[in-house]
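The values are calculated or read from the model by the stated rules, or taken from the named source; none is laboratory data. Computed from a predicted structure; not experimentally measured. Note: ideal-geometry Cβ built from the backbone for every residue, glycine included; neighbour counts use all protein chains shown.
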Amino acid sequence: MLKAWDEATKHQRKALLDEFAGRYRDAHMFETTVDLDEDLGSSAGLYLSRIVSWLRLNCTDGDGLTQHIHAVAVFLRGHYVQEFVEMEGVPVLLYVLSFPTHAVTDADCAAVIHLLQTLGRCGRSFKEYISHCGGERSVVQCCIARSPRVSCDSELLLTSHAMLLEQCSGNPNSTTATFAALHLLLDSNHVSLVRMASQIVCELVSTKSPHYDARVIERIWDLVPTAITLLGNDSVKVQYDALELVHILLHDSSNHHALCTELLRWLRDAAVKPYGAIASSAVDTNDHILRDHNLPKTADEFYEVECFMHAKSHVVRICHCLDSILLHCPPFAATIIGLHGVDALVYVVLASTEGSVKWQAACFTLLRLCVTHEGTYGVLAETCQHSTSFVRDILSDTAQLTTTKDTHEIELDTCMEMLVGDAAHQSTIWRHLYNQKWPLRPVVMLERDDEYDDHTLETLAAQVEATITPVRQDFAFEDGLLADETSPPQHGDHYYIQKLHTHFQKYRRPVQEAAHNHA
């Protein structure tokens, strides 16, 4: 066999490898083991060295690559793992993964990654050697190079998922390399790769997973910010995986405070700032319709954009996450209440259009919080300037429905109208929220062309806002505070902060209109 190989041409060598792999077909398919010593004797190792050398030097164009991979698989199943490693076989396999996408097929890449996985299963020392050679990073870069055309259920990503998961578990001395590979996947712009990374992380830290490793838990980074970032992804599939990670983190009560803090901070930003200021991706051309996700159910456009709004609205997304958390981990309700989550939800209810998607989401979460923790009624009564018994009477029956029905199946209008009251009573609620450092109204940014921005006006507005905002007094809120009165009575600083926003907006509108008319 060695003589035939040495005297053969490239085409003939491919034929020899086909014959060799065909003879041990079950072995190269990883279905059985073989005894190559009995068939090849002492020449087996020499034959393997020739195959590895030829693979390194002559397969960069992809010609004959499949045959070489199948032949190497036969040797690995024939217990030539140590010999393959000593021949620098692992760097050769990683070199193959770096070939251009046109030179190597996805199936061949998956086969190479499967070879690496087979090596890693031979023992911890082999896992460490693969990590030392940069195996995880090479696999991730191979996936990234092919990510535009592969999906989560493709052979390449499924094999990569299994290999990376096994490299991360039972390999404590290589956590730097394995975690770096996971970060590279999480930072990718491709949904399939982000999902693969999040699923691997979940399997590593879940006590119910067969890949759970306590040593990984000790060394892994803080996963709370990672979970929040994944929840902020525009892909619903990534959001689902993120919620799975959140549920796993909830098993450790020490994560509750940090997780709740991040969710409520995000909810505040989403409620106060416009969508465009917090979105991580490009804004859609119709985003001016969906920016605040405030279309009521009666709007004609509602039914056309409802599904899109559920996926895009940060407020809705956070509320749904809180609903799920309260359902699976009721003690989390106390953390929400302690971190003033009730104020945040009431703010969304007041600032949103009644009947809109995010209004309903905030109302539902408030009711779910009430039915989960009895103390919610007292906190809500303080915020909404009612007695605890009154709040319990108007909300308890509807709150019970949240345990068995979805948002659209519950009539929220009546109980919420009684909770927030008329315009005069809402002024007292706004006063409480303002004293808790919530703005009187959500900040609304006008649409305008960057070419015609008045930077002087922007600077002046920022200076005035920075000067006046810190000045706060416990003044009395008057009826009609939120209305634009023509002859207002004497007011404190709160009134003029609101007026300044309106004042600067009036200047921006003529500038924008004049610019477009001129164009």
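Within region 206-214, does at least one residue satisfy the condition of being part of a loop (DSSP other than H, G, I, E, B), within 26 Å of THR261 (Cβ to Cβ) and either β-branched (Val, Ile, Thr) or more than 12 Å from the chain's Cα centre (by Cα) (or both)?
yes
Quick check on my filter: what residues within region 150-160 are in a helix (DSSP H, G or I) and surrounded by fewer than 21 Cβ atoms within 10 Å (Cβ to Cβ)?
GLU155, LEU158, listed by residue number.
Among the residues of region 237-259, is any assigned by TED's automatic domain parsing to the domain that holds ILE325, within 15 Å of HIS314 (Cβ to Cβ), more than 11 Å from the chain's Cα centre (by Cα) and buried (at least 19 other Cβ atoms within 10 Å of the Cβ)?
Looking for residues that are assigned by TED's automatic domain parsing to the domain that holds ILE325, within 15 Å of HIS314 (Cβ to Cβ), more than 11 Å from the chain's Cα centre (by Cα) and buried (at least 19 other Cβ atoms within 10 Å of the Cβ), one finds none in region 237-259, hence no.
So which pairs qualify, if the first residue must be in region 355-378 and in the same structural domain as THR402 (by TED's automatic domain parsing) and outside any helix (DSSP H, G or I), the second must be polar (S, T, N, Q) and at pLDDT below 95, the Cβ gap must be under 8 Å, and the two must be at least 6 apart or on different chains?
Matching pairs, first to second residue: GLY355/THR298; SER356/ASN294.
On the basis of being touching a residue at least 24 places away in the same chain (Cβ under 8 Å) and farther than 23 Å from ALA44 by Cβ, does CYS143 make the cut?
yes
Let me spell it out: the conditions are (1) under 20 Å from LEU116 (Cβ atoms); (2) modelled with pLDDT under 95; (3) of a type in the set (Gly, Ala, Ser), and ALA214 meets all of them except one. Which number is the exception?
Of everything listed in (1) under 20 Å from LEU116 (Cβ atoms); (2) modelled with pLDDT under 95; (3) of a type in the set (Gly, Ala, Ser), ALA214 misses just condition (1).
Looking at this structure, is ILE113 closer than 21 Å to ARG149 by Cα, in contact (Cβ under 8 Å) with a residue 40 or more places away in the chain and among the aliphatic types (A, V, I, L, M)?
The answer is yes for ILE113.
Out of ALA334, ALA344, which single residue is of a type in the set (A, V, I, L, M, F, W, C) and either out of contact with any helix residue (DSSP H, G or I) (no Cβ under 6 Å at 6 or more places or on another chain) or not assigned by TED's automatic domain parsing to the domain that holds ALA271 (or both)?
That would be ALA334, the only listed residue that is of a type in the set (A, V, I, L, M, F, W, C) and either out of contact with any helix residue (DSSP H, G or I) (no Cβ under 6 Å at 6 or more places or on another chain) or not assigned by TED's automatic domain parsing to the domain that holds ALA271 (or both).
Need a quick list: helices (runs of 4 or more DSSP H) entirely within region 387-443 having at least 1 residues that are under 22 Å from ALA344 (Cβ atoms) and small (Gly, Ala, Ser).
Passing ranges, in order: 388-401, 423-435.
Do you know which residues across region 28-64 are surrounded by 15 or more Cβ atoms within 10 Å (Cβ to Cβ), modelled with pLDDT under 80 and not in a helix (DSSP H, G or I)?
PHE30, VAL34, CYS59, THR60, GLY62, listed by residue number.
Which residues, counting only those in region 62-80, are of a type in the set (A, V, I, L, M, F, W, C) and closer than 14 Å to HIS114 by Cα?
ILE69, ALA71, VAL72, ALA73, VAL74, PHE75, LEU76
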